[in-house]
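The values are calculated or read from the model by the stated rules, or taken from the named source; none is laboratory data. Note that the structure is predicted; figures quoted are calculated from it, not measured. Reconstructed Cβ throughout: ideal geometry from the backbone, glycine too, with neighbour counts over all protein chains shown.
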């Protein structure tokens, strides 16, 4: 099976869900409507033998402007990985359905995408930050993120903007 | 004095569940990992891992650095198998650029990758023995790993974080002296794997502690997205070096060891351990086929000082000692990458801990964590 | 399990344990006769191979202030300040014969930030910045880790 076979099968089954394909080199990807991603992945897992989900990641496109969630389901039957992209508006209310009930791998990957980008996943069983501390403010991997100067009274950067080292640095 | 009858005794002697914190500093967790364990006496009810203590924002740093300057950051992801990480990143950027690596550089890269695989599996063997209480295994594993680190110091100049696999080839060339030293090491190390099996793997105490524990079957592997030794220990013969060969792996012969449930259930901790020991033997086989025929030529393709790939995105994976390391790189034709996302194998390995440790004892929990072979630098990035 | 199976387990345990101990006794005997491999640091020091990446050193008389090392450094630990030469100043050349067009005023490296990756020494065109084999330079105050290489100008 090739990438074009998968694309044609998905376009036939979900005519409204599949928005088109992006012919980027060297790996192309398929654009999916945010409300249809759960059914598309369910169809891929049950009918097309895509047994595993390798990765869920987030991308920030400030130029579009959009936030994007990229899914990489993989198949050991067909020995391939397909890239599915879901574009969301770049606000604080970017929401998409979680696919944790289909693949348990999505649990921690979606937690990390929420932690780094602020994308909310509906029906996620454990929706909290994973890498940053629980009460961290801001979403670090967005392009317009500014590192805070202090966190709970502790200085965050190694050197402040004027070049002076922060006090209390380890000797 | 009235003695309480048995029914009253059950009410007055109330037992509760104990919330234990195997905190970030603990002698037998492989890095700064925190596991919140709820136990009922000695039996574990729940074991939830908490990560994030070693998060160094690698992905944000990569967006602000040139493609060449991301290389030292990539080394520090899985710091015990640093050459394999750099090779994965270099292969991803080379497929974005569309360049070909010279033959000499490919030979050197594969030899060094396999040597690094042996060093990483020796480290995993040593620390697993240490977790089980076998201090000798740790010392012997590290003695042999020191020899590999000495070879790497002659090749690249550093002992642990090399920055050796550059985009287009390697940093420096290798000399005939280094080739001789690798050959001497292979002659010394070949009988050692069997010795380590006699010392630890087939020892009845070790077998009793690791069989039927931490069973990962194929269905769990698929739904959690586990790769590498987990998949091979569960019985599936899948190795990226055979299925999607990169570099010159098409031209070498080696087997893919698979767990068979010899000592207990298929996919238990003992199966994963014997798969790692057998992988060391296969790595020796690969190096022996390549070490005598390194061709002449340049050790790096002509890439230029500034690397500017055309706009595009790539997801490329390589087989690292701990699983499949994936790099998803998006380039927007400037000198800095727009997004570098690293899919680390240990991230999902440690996520399975809660499912694996229902109803086992606390000592078996330690055995399970040791067999997952995690490195927190890769989990947290 | 039956009594025979139990005895079989005991025999297995004893047999494999003694096999393992045989290996350790062989190593023990070898150490007694041939000596051990531990290096007693700091009385003796190990010999480092050629090309080891230790502390950085810059020979500022050869530096042409191209700032390529500062540009490629992943952690931005090199601080360079250079001014244009005044008109009519004497021409200055490096050892290799390259003409210097800028006057180097400040070349500092913060070695507490340096990650010893080797990128700066590989891009230096005159090879004045290189790695020495030095690894014993700990200090009590973090500010003392900023190396001022202009102090070593001849």
Checklist entry - Under the condition of being touching a helix residue (DSSP H, G or I) at 6+ places or on another chain (Cβ under 8 Å) and closer than 27 Å to residue A:146 by Cβ, which residue from region A:110-124 is nearest to the other protein chains (Cβ to nearest Cβ)? => result A:116
Item to check | Test: residue in region A:24-40 that is over 21 Å from residue B:95 (Cα atoms), within 12 Å of chain B (Cβ to nearest Cβ), in contact with a strand residue (DSSP E or B) (Cβ under 9 Å, 6 or more places away or on another chain) and in a helix (DSSP H, G or I) | outcome: no
Checklist entry - Within region B:50-100, can you find the residues that are crowded, with 21+ Cβ neighbours inside 10 Å, part of a loop (DSSP other than H, G, I, E, B) and in contact with a strand residue (DSSP E or B) (Cβ under 8 Å, 6 or more places away or on another chain)? => result B:51, B:70, B:77, B:78, B:81
Checklist entry - Does region B:112-130 include one or more residues that are more than 12 Å from every other protein chain (Cβ to nearest Cβ), out of contact with any helix residue (DSSP H, G or I) (no Cβ under 7 Å at 6 or more places or on another chain), crowded, with 24+ Cβ neighbours inside 10 Å and in a helix (DSSP H, G or I)? => result yes
Checklist entry - Does residue B:171 meet the test of being within 9 Å of chain C (Cβ to nearest Cβ), outside any helix (DSSP H, G or I) and on the phi < 0 side of the Ramachandran plot? => result yes
Item to check | Meets criteria (modelled with pLDDT under 90 and assigned by TED's automatic domain parsing to the domain that holds residue C:130) for residue C:84 | outcome: yes
Checklist entry - Inside region A:41-58, can you point out the residues that are within 14 Å of chain B (Cβ to nearest Cβ) and without any contact (Cβ under 8 Å) to a residue 12 or more places away in the chain? => result A:46
Next on the checklist: Can you tell me which of (1) under 17 Å from residue B:69 (Cα atoms); (2) in a loop (DSSP other than H, G, I, E, B) is the one residue C:120 doesn't meet?
Outcome noted: (2)
Item to check | Failed criterion for residue B:264 (all others in (1) in contact with a helix residue (DSSP H, G or I) (Cβ under 8 Å, 6 or more places away or on another chain); (2) assigned to a helix (DSSP H, G or I); (3) over 24 Å from residue A:80 (Cα atoms) hold) | outcome: (2)
Checklist outcome for this item: Of the residues in region C:103-117 that are under 30 Å from residue B:171 (Cα atoms) and in contact with a strand residue (DSSP E or B) (Cβ under 7 Å, 6 or more places away or on another chain), the one that is surrounded by the fewest Cβ atoms within 10 Å (Cβ to Cβ) is C:106
Next on the checklist: Return the residues of region B:330-346 that are touching a residue at least 60 places away in the same chain (Cβ under 8 Å), outside any loop (DSSP other than H, G, I, E, B) and over 21 Å from residue B:241 (Cβ atoms); say none if nothing qualifies.
Outcome noted: B:331, B:339, B:340, B:341
Checklist entry - If a residue has to be within 10 Å of another protein chain (Cβ to nearest Cβ) and within 30 Å of residue B:306 (Cβ to Cβ) to count, how many in region B:345-381 make the cut? => result 1
